[in-house]
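The values are calculated or read from the model by the stated rules, or taken from the named source; none is laboratory data. Since we're looking at a predicted model, the values are computed, not measured. Note: ideal-geometry Cβ built from the backbone for every residue, glycine included; neighbour counts use all protein chains shown. Side chains are part of the model used for accessible areas, which takes the heavy atoms of the whole protein and leaves out ligands, DNA and RNA. Shrake-Rupley method; radii C 1.70, N 1.55, O 1.52, S 1.80 Å.
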Amino acid sequence: MPTPPRDQTADALAIFGVQAGPRSGEEIAVRSPVLTLGQGSQNDVVLADDSVSTTHARLEYAAGAWLLTDLGSTNGTYVEGSRLPPNAPTPLPYGSQIRFGGLRLLFNQVPAADLDAARASYTPPSAAVPVAERRGGMRVPVWIFLLLVLIFAAIAFFAVGASSQPPLDPAAALTELVPTSPGYS
């Protein structure tokens, strides 16, 4: 028997209502007290719109209030028509109209959500270890490796080609360059 579709807002802490565009009328659930929003798949909330930056903004519940931070986005983050300064957490009250680039949303409360409990139990994801720190030793980019191989092959080719030529005899070279005529001997 197929499983009935799960209510997308059942475990939500807040909800973004899409107000304009092809997804108008849809709801986007906020399921974590700390999350990023943007066009990139690495975000907690993916906003598939060309006017939204890859990592556009951060939403966080802290000290009893929601805070919205623009992360230096190209097209800006607006709350009630005012552009947020980059990297400055700004209070976000329920019922606020938000614009991420050209995407308009309405920030709504979920009355049954226990925000303080969600914040208390929140553990940030472990930071990804950069690739350079994961492996020991030195790594050479492939293009540099190929360039070195080509240089060594060219050197070897010319070295082998030069050694297969007979040694140059200066006297023989001069007789080839100076024409001989019958009156000169």
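Determine if region 32-42 includes at least one residue that is open to solvent by 20 Å² or more (accessible area, probe 1.4 Å), at pLDDT below 95 and either under 27 Å from D116 (Cβ atoms) or hydrophobic (A, V, I, L, M, F, W, C) (or both). For region 32-42, residues open to solvent by 20 Å² or more (accessible area, probe 1.4 Å), at pLDDT below 95 and either under 27 Å from D116 (Cβ atoms) or hydrophobic (A, V, I, L, M, F, W, C) (or both): present.
Annotation: E26 fulfils all but one of (1) open to solvent by 20 Å² or more (accessible area, probe 1.4 Å); (2) within 23 Å of the chain's Cα centre (by Cα); (3) at pLDDT 90 or above; the unmet one is (2). The residue of region 56-76 that is most open to solvent (accessible area, probe 1.4 Å), among those that are over 22 Å from R119 (Cβ atoms) and among the hydroxyl-bearing types (S, T, Y), is T74. In summary, helices (runs of 4 or more DSSP H) completely within region 84-185 and bearing 3 or more residues that are at pLDDT 85 or above, at negative phi and hydrophobic (A, V, I, L, M, F, W, C) occur at 115-121, 142-163.
Is it the case that some residue within region 17-37 is touching a Lys or Arg at 6+ places or on another chain (Cβ under 9 Å), small (G, A, S) and in contact (Cβ under 8 Å) with a residue 12 or more places away in the chain? Within region 17-37, one or more residues are touching a Lys or Arg at 6+ places or on another chain (Cβ under 9 Å), small (G, A, S) and in contact (Cβ under 8 Å) with a residue 12 or more places away in the chain.
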